[in-house]
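Q: Mind looking over this structure? Questions follow.
The values are calculated or read from the model by the stated rules, or taken from the named source; none is laboratory data. Note that the structure is predicted; figures quoted are calculated from it, not measured. FYI the Cβ positions are ideal-geometry reconstructions off the backbone, even for glycines, and counts take in every protein chain you see. Calculation scope for accessible area: heavy atoms of the full protein, side chains included, ligands and nucleic acids excluded. Shrake-Rupley method; radii C 1.70, N 1.55, O 1.52, S 1.80 Å.
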Amino acid sequence: GGQGTAASHRSAAQLYGLAGGTSEFIEITCRRWRRSRYPTLLVHESKALSDEDLTIAKGIASTTGERTLRALGAVRGPVTVRMAFDRALATGLTTWAKVEETRHRVARSGRPGVTSLRAVLELRDPSTRVPESERETMLLEMMARYGLPPAEPQFEIKDTDGRTLARVDAAYPNHRIAIEYDSDQEHTEPDALARDNTRRNRLIATGWTVIAARNEDIRSGGTDFCRTVEAA
């Protein structure tokens, strides 16, 4: 692709381990394309691709994390972009400030991906933590679709002395409701079950209601789970 060419969009997301990534084809962005044709190669041209948008990921020239998130919004749906955004922040790939700066810098009307990224930023609160897994993001999306108010992700519950009792996947602090996502893989071993039960019993003893979500809730749309949260 010439100087300044980089893996981008779904290929860059794959390099970073973000939702929406794929290795089924190669996707690149460059400033000018030679109009050559290669199988399984998708090419994007951009006059707004600057040196600050480029980096090296696993030894491969790639768009930065924040530029990748913007581009991903042009080729993937909003839930996938939100999962990628949350993961990028949770792993330290990028920061809220860098994403905002990139969005403003390339926010020309009609540019692909900008609208999706703006929607993600409007739904998230920079003063709170972000979900640490794609399933946690999907859980919050499911609750939002049902019409529940936004829950605070990765919320730290403290005792009266200020000591941390637990950090739960999401919470409604004013209602003292803690929401936990139970991974089938991570929460079936005897030791893990014992730790989870002890932790939850401690929260219940301090006046918190603990509601667990499973994979099946997300797969089925979560109506029963959301009704339980609503009732609590």
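Q: Scan segment 29-44 for residues that are among the β-branched types (Val, Ile, Thr) and either in contact with a Cys (Cβ under 8 Å, 6 or more places away or on another chain) or open to solvent by less than 20 Å² (accessible area, probe 1.4 Å) (or both) and jot them down.
A: 29, 43
Q: Right, next: Return the pairs, sorted by first residue and then second, in which the second residue is part of a loop (DSSP other than H, G, I, E, B), the first residue lies in segment 27-53 and is farther than 15 Å from residue 9 by Cβ, the beta carbons are less than 6 Å apart, and the residues are 6+ apart or on different chains.
A: Once the first residue is farther than 15 Å from residue 9 by Cβ and sits in segment 27-53, its partners that are part of a loop (DSSP other than H, G, I, E, B) give 31/4; 31/49.
Q: Quick one: count up the residues across segment 31-50 that are at pLDDT 90 or above and touching a Gly at 6+ places or on another chain (Cβ under 9 Å). It would help to see each step written out before you state the result.
A: Initial filter on segment 31-50 (at pLDDT 90 or above): 41-44.
Checking which are touching a Gly at 6+ places or on another chain (Cβ under 9 Å) leaves us with 43.
Total meeting the criteria: 1.
Q: Quick one: which residue in 163, 167 is touching a strand residue (DSSP E or B) at 6+ places or on another chain (Cβ under 9 Å), more than 25 Å from residue 99 (Cα to Cα) and surrounded by fewer than 17 Cβ atoms within 10 Å (Cβ to Cβ)? Working first, answer last.
A: Numbers: 163 fails: touching a strand residue (DSSP E or B) at 6+ places or on another chain (Cβ under 9 Å).
The unique qualifying residue is 167.
Q: Across segment 1-19, what is the total count of residues that are assigned to a loop (DSSP other than H, G, I, E, B), crowded, with 23+ Cβ neighbours inside 10 Å and not aliphatic (A, V, I, L, M)?
A: So the count comes out to 1.
Q: Residues 80, 102: which one is buried (at least 19 other Cβ atoms within 10 Å of the Cβ) and at pLDDT 90 or above?
A: Details: 102 fails: at pLDDT 90 or above.
When all the criteria are applied, what remains is 80.
Q: What pairs come out if I take residues in segment 157-174 that are in contact (Cβ under 8 Å) with a residue 40 or more places away in the chain and pair them with residues that are loosely packed, with under 13 Cβ neighbours inside 10 Å and assigned to a loop (DSSP other than H, G, I, E, B) whose C-beta lies under 6 Å away, six or more apart or interchain?
A: Sorted first by the residue in segment 157-174, then by its partner, the pairs are 165/159.
Q: Hey, could you check segment 115-138 for residues that are more than 23 Å from residue 217 (Cα to Cα) and outside any loop (DSSP other than H, G, I, E, B) and say which is most open to solvent (accessible area, probe 1.4 Å)?
A: Step by step, filter segment 115-138, then rank; the result is 122.
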